[in-house]
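The block underneath contains the structure these notes are about, expressed in structure tokens.
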Amino acid sequence: MESTARPSRALQTSLADPESTKEHNEGLKNTARNAKGDISPYQPWPLLPRRSKSSKSVSAEEAVSTRRLRNSEESLSDPVETSSSTDSLKEDRAAPAPGGFVLSEDAPIRPDGDSYARPVSAVSAGCPVFRDRSGSPSESDKRPHSRQSDPTDHRARPTKVRLSPVQPAGTLPALGKSFASASLKAANRIDGDCVDYGALAREKLGERLHRNLSDSRLLENMGSDSASVSSMRSTYSVLSPIRPQDVRNRSFLEGSVLGSGALLGAEELDRHFPDRRAGIYIATWNMQGEKGLPANLDDLLLPPDTEFAQDFYVIGVQEGCPDRREWETRLQETLGPYYVMLYAASHGVLYLTVFVRRDLIWFCSEVEHATVTTRIISQIKTKGAVGLALTFFGTSFLFITSHFTSGDAKVYERVLDYNKIVEALALPKGLPDTNPYRSTASDVTTRFDQVFWFGDFNFRLCKDRVDVEAIMKRTADGKMGPLLEHDQLSKEMKEGSIFKGFQEAPIHFLPTYKFDIGCDVYDTTSKQRTPSYTDRIVFRSRQADDIRVVKYTSCSSIKTSDHRPVVGVFQVKLRPGRDNIPLGAGQFDRVLYLEGIRRRITRELKRREAMKNQRSSSVCTVS
């Protein structure tokens, strides 16, 4: 009995003497060195608890029970807790007991049968790694924080063993400035065959990306750094997030008729067009009534020297092919799935077609059209005009394609054609005038913010063909000034007799009329027509500098007609509007869209099959 009680007296002596306590702690550290070879930086070293005054000497039976309790503990090293407990607790090391206490070999036995234990450090006790693996909080987690950290509380808690936290072996790698993944970084890029319009200023790229993600209300509490923007993109996808308040108040037919939060208002406009400019592609072509269409219209609508595709494609045709539906299908096939045909109108062999990017169709109003014939006999619809009117956000547009009277000397008749069209074209019909104070009843072009007029105006060069050809040989680097000095249209516009208030971009291309079909030679027939600039694009706007010219040229690769197509690319100023206009509500020609995409896929499959057959048909020669 005396020998069994000796450890208890030793413990009492050590608790009473501070120096003995210090030696005891150093002994524990030496034990850890012998087991591992060095002290682990992650091994907690708790302090000894204070000795309770009510503790008494333990008996031999109680000492034996302590050893039995230690041998019955679960393994601390087995992660699945299935191995034998006899190998997990060593005789020369302190073992953590249930409840977050370290059980020492010298620890006495309490009178109530529990053993005294040293509490685990506060850092280890608070780490989530030590929580129950089943996800339920332990008894110590449920207790108040003051009681959990009390070192004088020696009650053993019936819970699983909580392991010490695993710390990283070294410093973590530094994070980059952008947290976006590679797929999100590419989200702002547009596919190669249909990219955004070219007015995107490089210096405003960051601003446009920031504002294109969402409106300012959603970002007002976020930093303007790219990491925050990228994080939000990953949360809300690459699409612009929609506020529940917008869903409550917005209607796609009439709307809230309020400037703030309207579908056509400033917030929505800035989200899609941060610089408030849209790209307009205009093409005019006299097809000469040919049944056969070019094998490929890519050079007409998607020229290789153009960096970006545009938001609107407006194509006007004079003397169009007999099958108008086939022409529209070919246009849809060329533009592909990014665009839908918003509207199409005709007047005899005059065709006018408008395509728009499909994600912008919700901001277009209903489209209205009107026609005017300039022939004395109205049943003959070869000369005249077709007009289309629409409102995009808060900006009204008018597109007119026309075919004036032909003949070298019939300048006066062409002026009469113009006057008749501006007076008789009945537009707009149901669309509200965006600025009625600046509109006049005698001129349809004054009732819209932006007007584009294009077609075969039939104005000629007042010079003999020999002289014109001699001037063309002397011109270089696209300087067509000597030729344009003899242009009838330029002269009439300067005098103010036609196209009042309109402008035309500088011309740097050769005359587009009249060619022999299939070649680049001007008329070799008996009539010997003088080369002329008959196909033109002019424009006007209510506000100065609202229209910027990006390109104005001819398409020399299409040679199925005696006219060369003329194309123009423009950047047009947009203004916010109110939801008080009749919206198109996303309407477009769905049948044409599906047929165009089907043809596009079929063409691609045939091309791949031809390439495959070409590779497999190579002939091997034996020397």
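The values are calculated or read from the model by the stated rules, or taken from the named source; none is laboratory data. What you see is a predicted model, and the numbers here were worked out from it, not measured in a lab. A quick note on method: Cβ atoms are made from the backbone with ideal geometry, for glycine too, and the neighbour counts reach across all protein chains shown. Only protein heavy atoms, including side chains, enter the accessible area calculation; ligands, DNA and RNA are left aside. Shrake-Rupley method; radii C 1.70, N 1.55, O 1.52, S 1.80 Å.
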Subject >> Boolean, Tyr339 is out of contact with any Asp or Glu (no Cβ under 9 Å at 6 or more places or on another chain) and either among the aromatic types (Phe, Trp, Tyr) or farther than 22 Å from Val444 by Cβ (or both) >> reply: yes
**OP:** Return yes when Val521 is touching a strand residue (DSSP E or B) at 6+ places or on another chain (Cβ under 8 Å) and free of Cβ contacts under 8 Å to residues at least 60 places away in the same chain and no when it is not.
**Re:** yes
Subject >> Residues being surrounded by 21 or more Cβ atoms within 10 Å (Cβ to Cβ) and charged (D, E, K, R) - total across the range 530-545 >> reply: 2
Original post:
Among Pro511, Pro506, which is closer than 26 Å to Ala409 by Cα, assigned to a loop (DSSP other than H, G, I, E, B) and open to solvent by 40 Å² or more (accessible area, probe 1.4 Å)?
Top reply: Pro506
Original post:
Among the residues of the range 238-255 satisfying the criterion of being open to solvent by less than 70 Å² (accessible area, probe 1.4 Å) and either basic (Lys, Arg) or under 16 Å from Gly584 (Cα atoms) (or both), which is modelled with the highest pLDDT?
Top reply: Arg243
Original post:
Which residue, of Arg575, Arg599, Arg548, is in a helix (DSSP H, G or I) and surrounded by fewer than 18 Cβ atoms within 10 Å (Cβ to Cβ)?
Top reply: Arg599
Subject >> Flag if Ser526 is assigned to a loop (DSSP other than H, G, I, E, B), among the small types (Gly, Ala, Ser) and touching an Asp or Glu at 6+ places or on another chain (Cβ under 9 Å) >> reply: no
Original post:
Would you call Leu360 open to solvent by less than 10 Å² (accessible area, probe 1.4 Å), touching a helix residue (DSSP H, G or I) at 6+ places or on another chain (Cβ under 9 Å) and either of a type outside the set (Val, Ile, Thr) or closer than 30 Å to Ser439 by Cβ (or both)?
Top reply: yes
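Show me the helices (runs of 4 or more DSSP H) entirely contained within the range 414-495 in which 3 or more residues are modelled with pLDDT of 95 or more.
Once the helices (runs of 4 or more DSSP H) in the range 414-495 are filtered for at least 3 residues that are modelled with pLDDT of 95 or more, what remains is 488-495.
Report yes if Gln450 is on the phi < 0 side of the Ramachandran plot, in contact with a strand residue (DSSP E or B) (Cβ under 7 Å, 6 or more places away or on another chain) and either surrounded by fewer than 13 Cβ atoms within 10 Å (Cβ to Cβ) or of a type in the set (S, T, N, Q) (or both), otherwise no.
Details: on the phi < 0 side of the Ramachandran plot: yes; in contact with a strand residue (DSSP E or B) (Cβ under 7 Å, 6 or more places away or on another chain): yes; either surrounded by fewer than 13 Cβ atoms within 10 Å (Cβ to Cβ) or of a type in the set (S, T, N, Q) (or both): yes.
So Gln450 passes the test.
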**OP:** Could you run through the range 433-444 and say how many residues are surrounded by 16 or more Cβ atoms within 10 Å (Cβ to Cβ) and either touching a Lys or Arg at 6+ places or on another chain (Cβ under 6 Å) or aliphatic (A, V, I, L, M) (or both)?
**Re:** 2
Original post:
For Thr382, are the conditions met, namely being assigned to a loop (DSSP other than H, G, I, E, B) and in contact with a Ser or Thr (Cβ under 6 Å, 6 or more places away or on another chain)?
Top reply: no
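When you scan the range 581-589, do you find a residue that is on the phi < 0 side of the Ramachandran plot and open to solvent by 60 Å² or more (accessible area, probe 1.4 Å), even just one? If you could, list the steps in order and put the result at the bottom.
Taking the range 581-589 first, the residues on the phi < 0 side of the Ramachandran plot are 581-584, 587-589.
With open to solvent by 60 Å² or more (accessible area, probe 1.4 Å) added as a condition, the list becomes 587-588.
Scanning the range 581-589 turns up at least one residue that is on the phi < 0 side of the Ramachandran plot and open to solvent by 60 Å² or more (accessible area, probe 1.4 Å).
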